[in-house]
1. Counting only helical runs of four or more DSSP H residues, what would the 222 nm mean residue ellipticity of the chain come to if each run contributes -39,500 (n - 2.57) and the total is spread over all its residues?
2. If we sort 53-64, 82-93, 328-339 on the protection proxy, mean other Cβ atoms within 10 Å, highest first, what's the order?
3. Which percent of the Cα-Cα distances in the chain go past 42 Å?
4. Restricting to the chain, compute how many DSSP beta bridges are antiparallel as a %, nearest 5.
5. Could you work out the relative contact order of the chain, using alpha carbon pairs under 8 angstrom and six or more residues apart, expressed as a whole percent?
6. Which log10 I(q)/I(0) values, to two decimals, does the range 33-178 give at q = 0.09, 0.10, 0.11, 0.12 Å⁻¹ under the Debye formula with one point per Cα?
7. Using only alpha-carbon positions, what ratio does the radius of gyration of the range 169-230 give when scaled by 2.2 N^0.38 Å?
8. Once each part is reduced to its C-alpha centroid, what is the distance from the range 230-246 to the range 292-369 in angstrom?
Amino acid sequence: MATSILSDANRRLERALKYVTISEDAAERLRYPKASLTVSIPVRMDDGSLRVFQGYRVRYDDTRGPAKGGIRYHPSVTLDEVQSLAFWMTFKCAALNLPLGGGKGGVTVNPKELSKFELERLSRGYIDAIADFIGPDVDIPAPDVYTNALIMGWMVDQYSIIRRKHSPAVITGKPLSMGGSEGRDTATGMGAFYVIEAMMAKVGKLPQMTTVAVQGFGNAGSIVARLLFDAGYRVVAVSDSQGGVFSPQGLDIPSIQQFKTSHRSLQAVYCEGTVCNIMQDHTILTNEDLLTLDVDILIPAALENQITAENAAQIQARYIFEVANGPISADADLILEDKDITVFPDILVNAGGVTVSYFEWVQNRSGLYWSRQEVNQRLQGMMVTEADHIWQIAQEKTISVRTAAYVHALSRLGDALNAKGIRDDYVGNR
Ligand code: NAD
């Protein structure tokens, strides 16, 4: 990787610092992850051999509450990536006013190459390795790319075995039967949908007049595509890791969803079908082509660094809603701004996942469980309130929506850091 993703993330922080009054001590604290753990996870494979995987857990900042953030399984996972994802979680939780800090975890692995039993052994081994670093009051993991409720179930069970007590609040995104929350499965897509609806109303765009392209048809991308389709938007393109499909009349998203679900692998862990094989009238296109389609709304919902200085000039969408974490590089931000493309940033748009994770943690600790309707109502209230705040900051200060989101989060983080008295502690002038 040419440039560090964390230093790219930090450039956003520096941009936002110009528009907010927080102490230099607080700003300096936020430039570095608080704690990073690297572990080796030995896993007995089905053929009897032993493989050792690298795993990470990072607590970026926990001033506002226990760290919170998902666990990613992917061959490209590095400590740098996990640190930057933990950085984003810090700002995301603050932007949504959740009483949580930012964390993240990951294992460098292609999980699709493992059997279900190997995957379970790896997941339990990862928890064995990081058990002393996490906890309901310390750091609370959740699913991310290529991890899901099934894997969270194994992990929470392993943690409970280690602690010798029922510990549902240590991990969110669990199966419902293990203390998961109603609505967590759809939360990220649902939260993004609430933000898109609220922001499109502000700019006066009606669903029927709005075309959409979605890169990444996974948990988050497929849900937001479906909700937009149901609301009357014309979703003209979707893609997954194998490529994409395009139809100018609009795709039938429910049947694509059904196709993907019916091609879930035998192990019921990962989907093996690709949107490219759907039985609809469509043109096949690459992920690169999807990004440069002439649409109203572009939704990157796959991995980070999809829009960079290399392809930003070719982007034609009018609005970008970042459902993925970090899909646009800091260099590309400036090019998109010059082209008058409005980017709604990840730390706002995809915060529905962590918000319902927070609800799950609250329910686990109180023992009182909410209906899906109650979860979605609370989610909508929080997403729309914070999106409105951020939009207002962007208008008042004439800055990008991304910088406004950082400004919003930073002022809360700065208040919390200052309230803890870091000035006194570090300057020593009590
Ligand atoms: P997922 O594993 O369910 O789906 C990822 C999708 O991206 C799959 O369809 C996969 O085929 C596709 N993909 C992988 N590589 C690709 C590539 N090179 N080009 C195009 N598509 C590719 O993951 P998810 O949970 O939907 O997460 C997607 C993004 O959203 C990630 O950036 C994640 O960090 C972010 N996110 C997810 C959640 C959540 O709750 N699921 C919450 C916040 C943020």
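The values are calculated or read from the model by the stated rules, or taken from the named source; none is laboratory data. None of these values were measured; they are calculated from a predicted model. Cβ sites come from the backbone with ideal geometry, for glycine too, and all protein chains shown count toward neighbours. All accessible areas refer to the heavy atoms of the entire protein, side chains included, with ligands and DNA or RNA removed. Shrake-Rupley method; radii C 1.70, N 1.55, O 1.52, S 1.80 Å.
1. Roughly -13500 deg cm²/dmol at 222 nm, from the helical runs in the chain.
2. 82-93, 53-64, 328-339
3. So the portion of pairs separated by more than 42 Å is 10 percent.
4. Of all bridge pairs located within the chain, approximately 50 percent are antiparallel.
5. RCO, the chain: 17 percent.
6. -0.24, -0.30, -0.36, -0.43
7. 1.35
8. Using only Cα atoms, the two centres lie 16 Å from each other.
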